[in-house]
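Take a look at the structure set out below.
The values are calculated or read from the model by the stated rules, or taken from the named source; none is laboratory data. Bear in mind the structure is a predicted one, so any value in this text is a computation, not a measurement. Neighbour counts run over all protein chains shown; Cβ positions are idealised from the backbone, glycine included. Accessible surface is based on the protein model in full, side chains and every heavy atom, while ligands, DNA and RNA are left aside. Shrake-Rupley method; radii C 1.70, N 1.55, O 1.52, S 1.80 Å.
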Amino acid sequence: MTTIRAFQANDLFKFNHINLDPLTETYHNPFNTQYMAQWPSMCATFEDPSGRLMGYVLGKAEGYRDLWHGHVTAVTVSPEYRRLGVAKRLMDYLEDVSEAQYNGFFVDLFVRISNALAIQMYTNLGYVVFRRVLGYYSGEGEDAFDMRKALKRDEGKKSVVPLKKPITPDELEW
């Protein structure tokens, strides 16, 4: 039986096999522990019956007024568990927490424009490209798509109406 559970500090020593994908952003331990301390309900792992981590999601709640939302900082699945619905279950979990606990208007995430598989997966999960962020990924200067999915609180789905003009990272709201 597979299980979604809260991300725990000792999981930081068990998730290296998940982060081997070159398209996966890997964060340092103080960053991860800050997320677990500030937004514990937004950080979860998916594990197999033996306790091996299959994937994880790190998220947070941020924004203000009608821009209050859940944000997916990282979601990744170990290569041997891909295409089994693990990412969908993790995303569903974060969306549920964003809605039920934080009363967000939407959930957003950033994805490399070159990561066609992830973009397709997010599209299949109901996310839309809201805007392009020029040079978002430092180092290589690759652009990102800011993708969003409206939650129930955003009845008119105003939060996901795509912007036509790209922005730069310094123009992001938070």
### Summary
Binned at 5 Å starting from 0, the alpha-carbon pair-distance distribution of segment 10-60 in whole percents comes out as 4, 18, 31, 28, 15, 4
### Task
For the chain, just the Cα atoms, rotate onto the principal axes and tell me the three extents in Å, largest first.
47, 37, 30
### Task
Can you send over the carbon and sulfur percentage of the accessible area for segment 1-54, probe radius 1.4 Å, protein chains only?
60
### Query
Okay, which of segment 105-135 sit inside 14 Å, backbone N to the point 7 Å along the Cα-Cβ direction of Asp170?
134-135
### Residues of segment 12-135: accessible area per residue with a 1.4 Å probe, Å²
47
### Message
Please report the net charge: other residues with Cβ closer than 15 Å to the Cβ of Val128, K and R +1, D and E -1.
### Response
+3
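Taking all protein chains as present, what is the carbon and sulfur share of the accessible area of segment 59-116, in % to the nearest whole number, probe 1.4 Å?
Carbon with sulfur: 50 percent of the solvent-accessible area.
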#### Entry: Listed pairs Lys60/Lys164; Lys88/Lys152; Lys88/Lys164; Lys60/Lys149; Lys14/Lys149 exceeding 24 Å between Cα atoms
Lys60/Lys164; Lys88/Lys164; Lys14/Lys149
